[in-house]
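The values are calculated or read from the model by the stated rules, or taken from the named source; none is laboratory data. Just so it is clear, the structure is predicted and the values come from calculations on it, not from any experiment. When we count neighbours, we look across all protein chains shown, and the Cβ atoms used for this are built from the backbone with ideal geometry, even at glycine.
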Amino acid sequence: MRAVPAALLAASPLIVRDVDRRFGGMTDAPASAMADTERDITADFTSVHGEVRLPFDAERRELPGP
């Protein structure tokens, strides 16, 4: 029964190393993943709220209120 926790503890550094290497390894994420996610979230937002102005500019600085 001690083998399972020991195996999990031994595998933890390997899992962390693999996750920290975003663009390689078992958890491979393509270089365009962030841009694809941004497009997807933007499409979801505009389908619900329409073409409203977000309260931030392109550099993510807060814009003055209405």
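With the requirement that a residue be exposed (fewer than 10 other Cβ atoms within 10 Å of the Cβ) and assigned to a loop (DSSP other than H, G, I, E, B), what does segment 45-56 give you? Passing the criteria: GLY50, GLU51, VAL52, ARG53. Assess whether VAL48 counts as being aliphatic (A, V, I, L, M) and at pLDDT below 80. No: the conditions fail for VAL48. Can you find a residue in segment 14-23 that is at pLDDT below 90, more than 19 Å from the chain's Cα centre (by Cα) and surrounded by 11 or more Cβ atoms within 10 Å (Cβ to Cβ)? Within segment 14-23, one or more residues are at pLDDT below 90, more than 19 Å from the chain's Cα centre (by Cα) and surrounded by 11 or more Cβ atoms within 10 Å (Cβ to Cβ).
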